[in-house]
Amino acid sequence: MLSAQSTEIVKATAGVVAEHAVEITSRFYPHMFDAHPELLGVFNRADQELGEQAQALAASVVAYAVHLIDPDAPSFEPVLQRIAQKHVSLGITAPQYTIVGHHLMWAIGDVLGDAVTPEIAAAWDEVYWLFALQLVAEEAKVYAQNGIDPENPWRDYTVTDRVVEVTADGSDEVVTLVMTPADGGEVPSHHAGQYVTVNPTLPDGGTQPRQYTISSAPRSQTLQITVRRVRGVDGAPDGLVSNFLIDQCPEGSTIPVSIPCGDVVLEDSTDPLVLVSAGVGITPMAAIVDDLAERAPSRPVILAHADASAARHPLYDTVAASARRLESVGSHLWYEDLEGAADRDAVEGLMDLSTIDVPENATVFMCGPLPFMRNVRRTLMDKGVSSEAIRYEVFGPDLWAQNPN
């Protein structure tokens, strides 16, 4: 718990810190990287350039502070669990929290200046360390449960198969990489819906971690990810890792991979499932449908997917084959362009779930761009689905966890 003195100070200053939170975190990252360039390989360069990592950190710290001072604030536990899973997949270690804390407090002082008295600095330092220690404890538990040394979290996997899912303009746009542990052992046990981090060495000699959903049901001998090529638009950079994996990782390549992580997982139940996706957000749904076909084919499922066109729809054949093995399944497709979709029962335009019957006791999984998921969530809640029944996965920094509306 936050001390009584710090609680009063944080209550009095939370609004000011929240107002300047993104500016603070935007100053924090360059300052930290200047002092510790070795950490550049831990953080996503594209997210740094776009400012998304700074926004996510700012939102998390402010939400945690509100949780400490407001007894009516929503539980922070789901956010804490999600961050811990992300950190474990990236190999974050306890000593790194000391570095982050030092440079974060510097950034608060740099932005707010003389307004940060020693008492205010001490109060926000206490907030940070309560947050950090909870994360360190949770991450240590996950590392221990999986028998992982956080100082050496990577395991080499060999690409044994490469399947082109989508092509565009003569190039491979979405590719599935099937991998096996290079040491000949088994893939760690995991759940449908989880992800791994890959940490390849790029042509410039640096490493860059990226998280990809495991796109099949759990297998003991193989692990597969499905990668969409990220093309930069409006000045944003092309995806370093996605382009590398698609263009420079043929069969036989070796890639360092983390243990499977993630809190959006398929749990044993007989309740109906609604699986909602857009674009490459279909990957966790592909894993879930594949898993259900093997373990629980009688569980009712509604599939809803939106894409640019039939030609751009990844894993269509894979998901359709798994769905045919289910006893009760409904499928709904929306394409912005219906060309090439004559053999599919698709609707032209953007996804609209308002006309779809959703069972009262359904659990919803969704994955796709944030605006898409916000719209889906509003539509489903208007239909009576509780917010607690709607689960989601985000690629990259979670800019939604503290503000899903």
Using a simple charge model, +1 on the beta-carbon of Lys and Arg, -1 on the beta-carbon of Asp and Glu, nothing else, what dipole does the chain show about its Cα centre, in debye to the nearest 20? 400 debye
Between helix 118-145 and the chain, what is the angle of the helix's C-alpha long axis to the longest principal axis, kept within 0 to 90° and rounded to the nearest 10? 40 degrees
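Taking 8 Å as the Cα distance limit and 6 or more residues as the minimum spacing, I'd like the relative contact order of the stretch 273-393 as a percentage. Write out the running numbers ahead of the final one.
Numbers: 203 pairs, mean separation 35.2, N = 121.
Across the stretch 273-393, relative contact order equals 29 percent.
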Under a GNM of the chain (C-alpha, springs under 10 Å), which listed residue has the highest mean-square fluctuation: Tyr195, Tyr97, Tyr392? Tyr97
Put a dot 7 Å past each Cα toward the Cβ at Ser3 and His31; how far apart are the dots in nm? 2.2 nm
When the Kirkwood radius is taken over all Cα pairs of the stretch 120-161, what Stokes-Einstein diffusion coefficient follows at 20 °C and 1.002 mPa s, in µm²/s? 166 µm²/s
Where both residues lie in the chain, what percent of DSSP beta bridges are antiparallel, nearest 5? 50 percent
Once the cut-off is 16 Å, how many percent of the Cα-Cα pairs in the stretch 155-257 end up in the long-distance tail? 57 percent
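Evaluated at 25 °C with a viscosity of 0.890 mPa s, what Stokes-Einstein diffusion coefficient in µm²/s does the chain have when Rh comes from the Kirkwood expression over alpha-carbon pairs?
Values: Rh = 22.6 Å.
Stokes-Einstein gives a translational diffusion coefficient of 109 µm²/s.
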Report the relative contact order of the stretch 4-145, percent, no decimals, based on alpha-carbon pairs under 8 angstrom and at least 6 residues apart. 39 percent
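Report, please, the projected area of the stretch 197-286 averaged over directions, based on the convex hull of its C-alpha atoms, in nm².
Working: hull surface 31.3 nm².
That works out to 7.8 nm².
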What percent do you get for the relative contact order of the chain when only Cα pairs under 8 Å and 6+ apart count? 15 percent
Sorted by mean Cβ packing within 10 Å, highest first, what order do the peptides 345-356, 281-292 take? 281-292, 345-356
To test your reading of the geometry: what angle, between 0 and 90 degrees and rounded to tens, separates the Cα axis of helix 77-90 from the longest principal axis of the chain? 80 degrees
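By DSSP, what percent of the beta bridges with both residues in the stretch 273-393 are antiparallel, rounded to the nearest 5? Intermediate results must be reported in sequence, preceding the final value.
Working: 0 of 26 bridges.
Approximately 0 percent, going by the DSSP bridge assignments.
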How far, in degrees from 0 to 90, does helix 52-69 lean away from the longest principal axis of the Cα atoms of the chain, to the nearest 10? 60 degrees
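Fewest Cβ neighbours within 10 Å first, please rank Met381, Met179, Met1 accordingly. The partial results should precede the final answer.
Values: Met381 14, Met179 24, Met1 7.
Exposure proxy ranking, most exposed first: Met1, Met381, Met179.
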Alpha carbon centroid spacing (whole Å) that separates the stretch 124-203 from the stretch 214-245: 12 Å
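Read-outs throughout are calculated quantities, based only on the coordinates presented, and are distinct from any laboratory measurement. None of the values given here were measured: they were computed from a predicted structure. Note that we place each Cβ from the backbone using ideal geometry, even for glycine, and neighbour counts take in every protein chain shown.
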